[in-house]
Structures are given as C-alpha cells and as structure tokens.
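*Asks:* I am attaching a structure below and will ask some questions about it afterwards.
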Amino acid sequence: MVVITLQRNKCIGCNYCVEFAPKQFQMSKKDGKSVLLHANDKKGFFTLKSNENDIFEACEKASAACPVKIISVKLI
C-alpha cells in the first residue's frame, strides 16, 4: 500500500508534482495550489492510501522535486 500526504497550505504552486505524477496531482484553478486527487483532508494534511503500488515511483519523484518538501510518500 502507498500512502501519500500533502500539506496543501504550504504549497507554492510550482507544478512539479503534477509533472511527475499527473494521475495523483493537479493544480487548483481557484488558488493555484496542488491538489492530491481522491485524498482525505485532516487539519490541512491531505492523505491518499492506495493499493496501486505502481504509483509509488512517480509520487516519490514528485516528493523529491517539491522545493518546499510538503509531499510525503511511504510504501507500507
């Protein structure tokens, strides 16, 4: 299982996450910040748990590219 967490309020809108993992991330047209698709919000932390282990590599690249380090990706 892959667990992805995004601290959306700290997003600067650089779009790297969308470039590396477009199936999991998109940019909001309202505020220009990243959106983790199909995630649950808990106090500003958006979390997605997925059984699709093939998304791990793309999300890991998105996490590494993020200049403000607000994306966490774990394989459990």
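*Asks:* If you go through the range 41-53 one residue at a time, how many are open to solvent by 80 Å² or more (accessible area, probe 1.4 Å) and under 11 Å from Leu6 (Cβ atoms)?
*Replies:* Final tally of qualifying residues: 2.
*Asks:* Take Gln7 and tell me if it is out of contact with any His (no Cβ under 7 Å at 6 or more places or on another chain) and in contact (Cβ under 8 Å) with a residue 60 or more places away in the chain. So that I can check it myself, show each step before the final result.
*Replies:* Values: out of contact with any His (no Cβ under 7 Å at 6 or more places or on another chain): yes; in contact (Cβ under 8 Å) with a residue 60 or more places away in the chain: yes.
Taking the combined requirement at face value, the residue satisfies it.
*Asks:* Hey, which of the strands (runs of 3 or more DSSP E) in the chain, taking only ones fully inside, have at least 2 residues that are within 8 Å of the chain's Cα centre (by Cα)?
*Replies:* On the way: elements: 2-7, 25-27, 34-36, 40-42, 45-50, 71-75.
Once the strands (runs of 3 or more DSSP E) in the chain are filtered for at least 2 residues that are within 8 Å of the chain's Cα centre (by Cα), what remains is 2-7, 34-36, 71-75.
*Asks:* Next up: Take Lys33 and decide whether it is touching a Gly at 6+ places or on another chain (Cβ under 8 Å), of a type outside the set (Ser, Thr, Tyr) and either open to solvent by less than 40 Å² (accessible area, probe 1.4 Å) or modelled with pLDDT of 95 or more (or both). Spell out how you get there, then give the answer.
*Replies:* Details: touching a Gly at 6+ places or on another chain (Cβ under 8 Å): yes; of a type outside the set (Ser, Thr, Tyr): yes; either open to solvent by less than 40 Å² (accessible area, probe 1.4 Å) or modelled with pLDDT of 95 or more (or both): yes.
Against the criterion (touching a Gly at 6+ places or on another chain (Cβ under 8 Å), of a type outside the set (Ser, Thr, Tyr) and either open to solvent by less than 40 Å² (accessible area, probe 1.4 Å) or modelled with pLDDT of 95 or more (or both)), Lys33 qualifies.
The values are calculated or read from the model by the stated rules, or taken from the named source; none is laboratory data. Small disclaimer: the values here were computed from a predicted structure and weren't measured. Quick reminder, even Gly has a Cβ in these numbers, built from the backbone with ideal geometry, and neighbours come from all protein chains shown. Surface areas here come from the heavy atoms of the whole protein model, side chains and all, with no ligands, DNA or RNA. Shrake-Rupley method; radii C 1.70, N 1.55, O 1.52, S 1.80 Å.
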